[in-house]
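Structure first, commentary second.
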Amino acid sequence: MAIAISIIIPFLSAVFGGYITFYFTSKSKKEEAIIKFREEKYSNLLILLKGFVGETANSETKLKFFDEQYKSWIYSSDEVVIAINELVQLIIDQDGKTPDVDKGRKAIGNIVLAMRKDLLKKTSLTDSDFRYTDVRLKK
């Protein structure tokens, strides 16, 4: 009986330990894949935000942004969705006119900040730390 117990306990410990290791490794890989996916999608949205700012503002880029924005509902954090909705509301409220520059910068900064918080969990930056540099080509 003592021999059976001395064989069964190490066997059960090995099986249980293997399962625990497998579980946490799988969970970690899944979370890593989700973060990588969100990072790629957020990068696309961030690049398309230039369609709303300065010399690069144009309707084609805005349409692409809105296509990505609709898709973002399935993967974005609540904070990112809310920040994007605030930008969209700012645009709607202006009814075709150019929005207030400071309000626009704040709205875009809030989007970037929400993305950072979603990916990094913590950040000491604020919406005003994100600055878009408008590059003008010489004519």
- What about K36, is it touching a Phe, Trp or Tyr at 6+ places or on another chain (Cβ under 7 Å) and either of a type in the set (D, E, K, R) or in contact (Cβ under 8 Å) with a residue 40 or more places away in the chain (or both)? no
- Message: If E55 satisfies all but one of (1) surrounded by 14 or more Cβ atoms within 10 Å (Cβ to Cβ); (2) within 17 Å of G104 (Cβ to Cβ), what's the number of the condition it fails?
- Response: (1)
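For the condition among the aliphatic types (A, V, I, L, M) and surrounded by fewer than 10 Cβ atoms within 10 Å (Cβ to Cβ), what is the one hit in I74, I84? Before the answer, list the steps.
On the way: I84 fails: surrounded by fewer than 10 Cβ atoms within 10 Å (Cβ to Cβ).
Result: I74 is the single residue among I74, I84 that is among the aliphatic types (A, V, I, L, M) and surrounded by fewer than 10 Cβ atoms within 10 Å (Cβ to Cβ).
Just wondering, is there one or more residues in the stretch 58-70 that are basic (K, R), closer than 20 Å to Y42 by Cβ and touching a Ser or Thr at 6+ places or on another chain (Cβ under 7 Å)?
Filtering the stretch 58-70 for residues basic (K, R) gives 62, 64.
With the extra rule that they be closer than 20 Å to Y42 by Cβ, the set shrinks to 62, 64.
Still in the running and touching a Ser or Thr at 6+ places or on another chain (Cβ under 7 Å): none.
The answer is no, given that none of the residues of the stretch 58-70 is basic (K, R), closer than 20 Å to Y42 by Cβ and touching a Ser or Thr at 6+ places or on another chain (Cβ under 7 Å).
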- Are any residues in the stretch 25-58 at pLDDT below 85 and either in a helix (DSSP H, G or I) or of a type in the set (A, V, I, L, M) (or both), and if so, which ones? K50, G51, F52, V53, G54, E55, T56, A57
- Query: Are any residues in the stretch 87-115 buried (at least 17 other Cβ atoms within 10 Å of the Cβ) and basic (K, R), and if so, which ones?
  - Reply: R105, K106
- Restricting attention to the stretch 14-39, report how many residues are exposed (fewer than 11 other Cβ atoms within 10 Å of the Cβ) and acidic (D, E). 2
- Task: State yes or no: is L12 among the hydrophobic types (A, V, I, L, M, F, W, C), in a helix (DSSP H, G or I) and modelled with pLDDT under 85?
- Result: yes
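The values are calculated or read from the model by the stated rules, or taken from the named source; none is laboratory data. Here the structure is a predicted model, which is why all the values come from computation and not from measurement. With ideal geometry, Cβ positions are generated from the backbone for all residues, glycine too; neighbour counts draw on all protein chains shown.
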